[in-house]
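Where a number appears in this text, it was derived from the coordinates with a stated rule and is not lab data. Since the model is a prediction, treat every value here as computed from it, not as a measurement. Note: ideal-geometry Cβ built from the backbone for every residue, glycine included; neighbour counts use all protein chains shown.
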Amino acid sequence: MKKVGIIAEFNPFHNGHKYILDYARNELGADQIIVAMSGDFMQSGIPCVISKYERAKMAVSGGADLVLCMPQVASSASAETFARCGVATLARAGVDSIVFGAETDDMTLFKRLAEVLSEEPQEYLDVLIERLRGGESYTAARENALISYLDGEIMGSIISDFLEHPNNILGIEYAKAIAKWDLDIELHPTLRQGCDHNDPVPGATTTPGHKMASGKAIRSILTKKPFSFVKKQLIALMPILAASSLVELYQSDMILFEEDLSLMLHQRLVSMDDFSHYLDCGEDLSNKILAHRDEYTDIRSFIDILKSKDLTHTRISRVLNHILLGIGEEDGKYLANHNYIPYIHILAASARGKEHLADLKSDDGLRVFASVNELREMGRISSDIPLDIIRLITLDIYAADLWRIAVTGKCRKSLPTEYTRKVRL
């Protein structure tokens, strides 16, 4: 049986994602498509517009067979941690290939850059350190160090263009993870169709009835009115079942945006005087947050206040998200100590996927569950689970609660918690 994996956020699931699933099925011959998907908050540090359960349901309706949820610590972490967790999850599920969207399908380029960044030869490190000491951001210093080290082998303009695209960077991290663990998994980059990752507007129609748009463009559409305009756009840019679900959620005011969490974050920022222990923060950024927190009005404007040459928008957004969710440096270590796969949380399965759920379980002690209730004993998480894993699961539950509370405040409806949700696989 050929199993193909996809690492994704599906925020929300759109025609570009459907293209990748179809590619896995039709071009790679996948008998089973397994997705490792983020939780309720994205790798860029913002909340997902709809819940992980809705996104998983959309993925299955679009052709996925199993959707597995990555721990929240990984879902909103750096590209390296996000990629390692995704690869580890899919490897544990037995995939032999991973397919992903990117701005290039030159696998040789992915592997070569991954090789340099993994091995960090001295000539590369010398330039990297020199550039960092000169005041460049890590991203810029890394790019210049790669260009210098690979001079004469790969044109600098090719490297610069390659590193401008987040999906290419994730592809490098996938390649690094596969090499690190010596996994027998092939990577298959597929060219993005019709639009770029950050395009704020829909791209061209690539095939009849399949207009492409980035997730960013669709999220922007969800902020618009009137309803008739939004509905028409979503139906054009998403598979029909996914579009219908999203239209219904839009009508019910159950779409979450970054600014909907501004008050929650403000409360967190004024409740403590040290943020350095949060994941990816550090003392310098902690001090900068403290120095400017009285200027806080909302998340976006606060990020602009903190942003500088060496502090990118994404880095700050991710750190503020970690503060909101209570994710500390120790939590990142807990994840790494369990090889980035402390447990498997099944979100959704197709009929074909249900036939192979047993394949996820083995005698290695890894917990596989579809509901946290399966881990409960006398009203609490079972005492035989290691404390660090309980901590990671608790962070997942807390993130889901914050997402639910924020949406409840908008739609004025009570929504199920992780414990009261009815799970149907």
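General observations
- Based on the convex hull around the alpha carbon atoms, segment 1-94 presents an average projected area of 5.4 nm².
- Overall Cα dimensions of segment 245-394 - principal axes, largest extent first, Å: 53, 41, 33
- Taken over the Cα atoms of segment 259-331, the convex hull encloses 80 Å³ per residue.
- Globularity ratio of segment 317-425, using Cα Rg and 2.2 N^0.38 Å: 1.19
- Between Asp273 and Arg367, full extension at 0.36 nm per residue minus the direct alpha carbon distance yields a gain of 30.1 nm.
- Average projection area in nm² (convex hull over Cα atoms of the chain, one quarter of hull surface): 21.2
- Per-residue ³J(HN,Hα) for segment 121-129, Karplus 6.51 cos²θ - 1.76 cosθ + 1.60, θ = phi - 60°, Hz, x for Gly and Pro: x, 4, 4, 5, 4, 4, 5, 4, 5
- For Gly101, residues with placed amide H under 5 Å, excluding near neighbours: Thr190
- Every helix of 4 or more DSSP H residues in the chain counts as -39500 (n - 2.57), and over all residues that averages to -15000 deg cm²/dmol at 222 nm.
- For segment 283-294, putting each phi into the Karplus relation 6.51 cos²θ - 1.76 cosθ + 1.60 with θ = phi - 60° gives couplings of 5, 4, 5, 4, 5, 5, 4, 4, 5, 10, 5, 6 Hz, in residue order, rounded to whole numbers and with x for Gly and Pro.
- Ellipsoid equivalent to segment 103-177 - semi-axes via the Cα gyration tensor, in Å: 19, 13, 12
- Rounded FRET efficiency, nearest 0.05, which uses the C-beta distance separating Arg133 from Ala351 and R0 of 51 Å: 0.30
- Summarising the amide proton neighbourhood of Ile381: residues at separation of 5 or more, or on other chains, whose placed amide H is nearer than 5 Å comprise an empty set.
- Segment Glu295-Glu186, length gained on full extension (0.36 nm per residue, minus Cα span): 34.4 nm
- For the residues Ala59, Ala217, Ala351, a GNM of the chain with alpha-carbon springs under 10 Å puts the largest fluctuation on Ala351.
- Trypsin sites (Lys or Arg not before Pro) restricted to DSSP loop in segment 221-296 with at most 12 other C-beta within 10 Å: Lys224
- Translational D in µm²/s for segment 209-321 (Stokes-Einstein at 20 °C, 1.002 mPa s, Kirkwood Rh from C-alpha pairs): 131
- Whole-number D in µm² s⁻¹ for segment 120-164, Kirkwood Cα-pair radius fed into Stokes-Einstein, 37 °C, 0.692 mPa s: 316
- Taking the DSSP bridge list for the chain and keeping only pairs wholly inside it, about 35 percent are antiparallel.
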